[in-house]
Protein chains: 4
Amino acid sequence: MLEELKEKVCAANLDLCEKGVVIYTWGNVSGISDDRKYMVIKPSGVDYKGMSSDDMVVVDIESGCKVEGKWKPSSDTPTHLELYRIYKNINGIAHTHSVNAVAFAQAGIGIPALGTTHADYFYGDIPCTRELTRQEVMNDYEINTGKVIIETIEKNKSDTMTIPGVLVKNHGPFAWGNSPENAVYNAVVMEKVAEMALKTLLINQDAYMNKYILDKHYLRKHGKDAYYGQD
Amino acid sequence: MLEELKEKVCAANLDLCEKGVVIYTWGNVSGISDDRKYMVIKPSGVDYKGMSSDDMVVVDIESGCKVEGKWKPSSDTPTHLELYRIYKNINGIAHTHSVNAVAFAQAGIGIPALGTTHADYFYGDIPCTRELTRQEVMNDYEINTGKVIIETIEKNKSDTMTIPGVLVKNHGPFAWGNSPENAVYNAVVMEKVAEMALKTLLINQDAYMNKYILDKHYLRKHGKDAYYGQD
Amino acid sequence: MLEELKEKVCAANLDLCEKGVVIYTWGNVSGISDDRKYMVIKPSGVDYKGMSSDDMVVVDIESGCKVEGKWKPSSDTPTHLELYRIYKNINGIAHTHSVNAVAFAQAGIGIPALGTTHADYFYGDIPCTRELTRQEVMNDYEINTGKVIIETIEKNKSDTMTIPGVLVKNHGPFAWGNSPENAVYNAVVMEKVAEMALKTLLINQDAYMNKYILDKHYLRKHGKDAYYGQD
Amino acid sequence: MLEELKEKVCAANLDLCEKGVVIYTWGNVSGISDDRKYMVIKPSGVDYKGMSSDDMVVVDIESGCKVEGKWKPSSDTPTHLELYRIYKNINGIAHTHSVNAVAFAQAGIGIPALGTTHADYFYGDIPCTRELTRQEVMNDYEINTGKVIIETIEKNKSDTMTIPGVLVKNHGPFAWGNSPENAVYNAVVMEKVAEMALKTLLINQDAYMNKYILDKHYLRKHGKDAYYGQD
């Protein structure tokens with residue numbers, strides 16, 4: 001079932017590796033079926049080398065149960081499911097261990113919007129979640145990781161698609177998009193702007209970007225009168 | 001029309017990608033025709049992968065209108081045009097999102113001339129523009145980006161060819177040269193000297209280079225009695 | 001003798017090079033025979049380029065004498081032997097000169113457990129040994145390097161397999177595992193988490209991770225009720 | 001003439017590029033003939049791409065005049081000559097623009113010996129020259145660069161072969177060795193230990209290595225009772 005989606009999710013997972021945002025078995029990408037009944041996701045702890053679409057796992061969105069696949073799904077599966085259930089415009093999710101984004105997550109600080117590279121994709125700071133409580137970690141950790149991402153999006157009053165990513169404190173980046181491929185794209189951009197932001201702060205701790213520049217760059221690309229790119 | 005120039009501009013754009021100063025669709029390179037009537041530039045938001053000279057867009061320098069090409073030109077087109085109109089010795093312009101140069105741009109600080117690698121190509125600090133005003137951003141943003149680059153060059157009393165690049169605050173580097181290829185070359189050097197400068201400042205915040213060393217290195221390569229390189 | 005082990009040890013040594021944690025002749029990997037009588041190790045000062053399993057050296061664990069091989073064994077041989085003699089669960093050891101882990105070793109500071117990437121493999125800070133005394137360096141330096149690693153493990157009350165690596169002060173990382181390949185894996189992860197930790201501290205000097213997050217991530221992967229990965 | 005030496009010098013120059021310590025036409029490597037009458041060096045300002053041994057230039061050591069070759073020799077030729085004239089044990093010299101070593105040179109600070117990777121090749125801090133005076137820069141700059149390197153070696157009471165490299169302030173690293181290949185090797189190691197030192201200092205500004213560890217590592221590899229490597 002969902003052979004085409006499996007191909008796309010597998011390709012997006014392999015792209016994580018090629019773009020240098022994961023090594024070994026780290027990270028995972030998922031995608032959702034058109035009817036939003038099923039999620040296809042990378043298997044847990046399986047190496048990217050030699051991975052094919054046959055290795056992808058199909059999970060029922062509502063029940064969270066595996067529907068098809070020879071492997072157990074990613075241990076982060078419940079986190080992905082939470083996001084798909086709440087946000088109907090998310091069609092792909094990518095979780096990476098890219099060094100600079102992880103550094104901000106470990107520092108417990110969001111990635112500040114300091115330049116137009118950031119503004120072209122993220123309409124504001126990329127927020128970092130609060131720390132999960134002991135209770136939240138001990139019980140249903142992966143579900144609670146999803147919940148704290150959602151809490152952060154809501155608290156931030158950001159739209160999932162205007163800021164398509166969040167850092168989970170002490171953990172790392174989750175990014176999403178309108179397809180598995182687009183989720184990886186946003187994860188790669190997040191890593192790049194994290195590196196830029198870190199180096200900017202090393203040069204000037206008081207660096208900032210005015211809101212009107214953020215508006216301009218984000219909206220010339222994503223606003224209703226966008227003129228960046230082709231029609 | 002201008003098939004040879006399209007080939008050169010396309011090759012220079014692909015070189016941005018190969019040299020690691022852009023990813024995805026980021027950045028752009030343009031070139032100008034010998035009669036300075038037309039600019040050839042990368043299309044807006046098109047991926048470097050698979051790009052060919054057929055994808056290049058021809059724009060009329062005076063009117064700013066597209067003359068030929070199947071795509072819309074880069075959204076930074078008006079910035080390039082401003083520079084070509086004012087500086088008759090610029091024959092190629094490259095805009096990148098290279099991490100270290102962007103870090104200085106986001107920090108709002110020019111790249112200081114701290115060593116001979118810098119002095120071999122840039123005869124002084126590479127300046128950073130002032131911040132654009134809200135007005136300048138909201139109306140004719142890309143034209144105003146060109147104007148603030150020009151203002152910075154003039155205020156700095158530098159010659160376009162002795163310091164062939166500027167950082168646009170919160171945005172990133174623009175470099176130029178006597179050809180599209182040379183513009184990319186200068187953009188790559190700018191990234192390298194930005195990385196060297198950043199690391200130098202991490203070791204010694206008071207690092208500096210004496211003016212006579214700057215003079216010596218720049219002039220042994222570019223002065224009237226230059227002796228670096230072949231005749 | 002031990003042809004299969006030589007193949008594995010050689011492959012693990014070449015992997016050091018491919019993963020970028022050594023250059024030239026730096027670093028070394030060893031493995032131990034099933035009966036724990038013999039160690040197979042890289043020869044001393046031999047380049048990775050063109051290395052084959054025939055170049056590996058077999059050393060008697062008890063006597064420390066070479067048993068087979070056309071080269072002298074790695075000068076770090078006595079360090080490896082000390083570890084194999086004390087820890088019966090170590091089946092492979094890797095020593096690298098990876099930049100970020102070396103930076104912590106040179107700084108004399110352990111790699112702090114600041115995130116889940118770290119917690120997935122190392123159940124706590126990766127400790128740094130004390131400085132060897134003049135006496136320990138002048139006599140039996142390599143044996144004493146082994147002894148100070150052991151002292152550090154014991155003082156830290158860590159288990160060799162829950163924190164499969166130590167930094168030797170002013171020297172660099174030693175990692176180990178249940179096979180030569182796994183030792184290299186842990187050495188590569190150590191380098192990655194060292195880079196993450198260094199960058200985290202540049203952003204926030206007070207960064208930390210709560211013990212319950214460390215527990216959760218380590219134990220969901222390595223505890224008795226582990227559910228990460230496949231059965 | 002000297003065809004074999006030209007091959008070696010050309011290969012060493014190409015190795016600079018492959019090891020990532022130069023880009024474009026930057027840097028240069030030279031070698032000296034067995035009778036120490038002639039130096040073979042890279043031509044000035046010629047790209048590494050497509051360079052062959054035919055492009056190498058032969059220079060008379062005593063007169064400094066070109067003896068053979070279709071190109072002008074490297075502009076740093078007088079610097080190389082000064083070193084060959086004074087130090088009879090130097091058979092190859094490499095000058096690079098590697099980022100981390102340049103950062104120390106631009107900072108005007110030597111690369112401190114903080115670990116055993118450094119100690120394996122450099123028996124002490126890699127010193128940085130004083131700033132050249134205006135007079136020294138304006139007249140015979142390249143000769144004076146050689147002289148200040150020699151002054152630094154002598155003042156440091158180091159032997160050219162125990163510390164086979166120096167940083168020239170505001171310029172960058174010069175390394176040497178018993179062959180052109182070995183000079184490049186030392187230049188690559190210098191870059192690596194510069195990167196390690198810079199990162200070490202970011203973690204701990206007071207990092208140091210005891211002299212007896214420096215002695216041990218340098219001497220186990222280069223001393224009269226050396227036991228590192230093969231006989």
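With n ≥ 4 as the cut-off for DSSP H runs, can you work out [θ] at 222 nm for the protein assembly as shown, using -39500 (n - 2.57) per run divided by the number of residues, rounded to the nearest 500?
Here the helix-only value at 222 nm equals -12500 deg cm²/dmol.
Please compute the Kirkwood hydrodynamic radius over the stretch C:159-203, one decimal place, Å, based on all pairs of different Cα atoms.
11.2 Å
For B:1, D:196, give the ranking by accessible area with the largest first, probe 1.4 Å.
From most accessible down to least: B:1, D:196.
Angle, helix C:211-222 long axis vs. longest principal axis of chain C, Cα atoms, 0 to 90°, nearest 10?
40 degrees
Can you work out D for the stretch A:127-199 in µm² s⁻¹ from Stokes-Einstein, where Rh is the Kirkwood radius over C-alpha pairs, the temperature is 20 °C and the viscosity is 1.002 mPa s?
166 µm²/s
At a probe radius of 1.4 Å, what is the per-residue accessible area of residue D:120, in Å² to the nearest 10?
It works out to around 10 Å².
Tilt of helix D:180-203 relative to the longest C-alpha principal axis of chain D, in degrees (0 to 90, nearest 10)?
The angle comes out near 40 degrees.
Once you average over the residues of C:103-113, how many Cβ atoms of partner chains fall within 10 Å of each Cβ?
6
Compute the Rg to Rh ratio over the protein assembly as shown from the alpha carbon atoms, using the Kirkwood formula for Rh, and round to two decimal places.
Using Cα coordinates only, the ratio equals 0.98.
Defining a contact as two alpha carbons under 8 Å apart and six or more residues distant in sequence, what relative contact order in percent does the stretch C:155-194 show?
Here the relative contact order equals 28 percent.
Taking a quarter of the surface of the convex hull around the Cα atoms of chain C, what do you get in nm²?
Mean projected area for chain C: 13.0 nm², to one decimal.
Threshold 40 Å², probe 1.4 Å: give the residues of the stretch D:200-217, in number order, that are less accessible with all protein chains present than with their chain alone.
Hits at the 40 Å² cut-off: D:200, D:202, D:203, D:208, D:212, D:213, D:216.
Give me the percent relative contact order of the stretch C:117-231, please, defined on Cα pairs under 8 angstrom at least 6 residues apart.
Result for the stretch C:117-231 is 28 percent.
Taking Cα atoms, how many degrees apart are the long axis of helix C:77-86 and the longest axis of chain C, rounded to 10 and kept between 0 and 90?
70 degrees
Grab the other residues whose beta carbon is less than 12 angstrom from that of residue C:54, score K and R as +1, D and E as -1, and report the net.
It works out to a net charge of -2.
Inside 10 Å of the C-beta atoms of B:182-189, what's the mean count of C-beta atoms belonging to other chains?
For this peptide, the per-residue mean of nearby foreign Cβ atoms is 1.
So, in Å, what gap is there between the alpha-carbon centers of the stretch D:5-58 and the stretch D:111-183?
Centre-to-centre (Cα) distance: 20 Å.
Please check: in the Gaussian network model of chain D (C-alpha springs, under 10 Å), which one of D:45, D:165, D:177 has the largest mean-square fluctuation.
Result for chain D, Cα springs under 10 Å: D:45 fluctuates most.
Please tell me the relative contact order of the stretch C:24-81 in percent, rounded to the nearest whole number, where contacts are Cα pairs under 8 Å and at least six residues apart.
31 percent
Please work out the average accessible area per residue across chain C, using the 1.4 Å probe convention, and give it in Å².
Roughly 38 Å² per residue, with all protein chains present.
May I ask you to list the lysines whose Cα is less than 16 Å away from that of residue B:199, ignoring any residue fewer than eight positions away on the same chain?
A:199, C:199, D:169, D:192, D:199
Based on the alpha-carbon set only, what is the convex hull volume of the stretch A:1-111 divided per residue, in Å³?
Here the figure is 106 Å³ per residue.
Output wanted: per-residue J couplings in Hz (rounded whole) for the stretch D:125-141, from phi through Karplus 6.51 cos²θ - 1.76 cosθ + 1.60, θ = phi - 60°, x for Gly and Pro.
Going residue by residue, I get 4, 8, x, 10, 5, 5, 5, 5, 6, 4, 4, 5, 7, 6, 10, 6, 3 Hz, with x marking Gly and Pro.
For residue C:157 and residue C:134, what is the calculated FRET efficiency with R₀ set at 30 Å and r taken between the beta-carbons, to the nearest 0.05?
0.60
Can you figure out the FRET efficiency of residue A:35 with residue B:52, using R₀ = 30 Å and their beta-carbon distance, to the nearest 0.05?
In this case the efficiency is close to 0.15.
For the protein assembly as shown, which whole-number percentage of the solvent-accessible area (1.4 Å probe, protein heavy atoms only) is attributable to carbon and sulfur atoms?
Looking at the protein assembly as shown in its full context, I get 49 percent from C and S.
Over both sides of the D-B contact, add up the buried accessible area with a 1.4 Å probe and give it to the nearest 100 Å².
Accessible area lost upon association: around 3100 Å².
Hey, any idea what the orientation-averaged projected area of the convex hull of the stretch C:171-227's Cα atoms comes to, in nm²?
5.5 nm²
The values are calculated or read from the model by the stated rules, or taken from the named source; none is laboratory data. Note that this is a predicted model, so its numbers are computed, not measured. No Cβ is skipped: glycine too gets one built from the backbone with ideal geometry, and neighbour counts run over all protein chains shown. The protein model used for the area step is the full one, side chains on, heavy atoms only, and it has no ligands, DNA or RNA in it. Shrake-Rupley method; radii C 1.70, N 1.55, O 1.52, S 1.80 Å.
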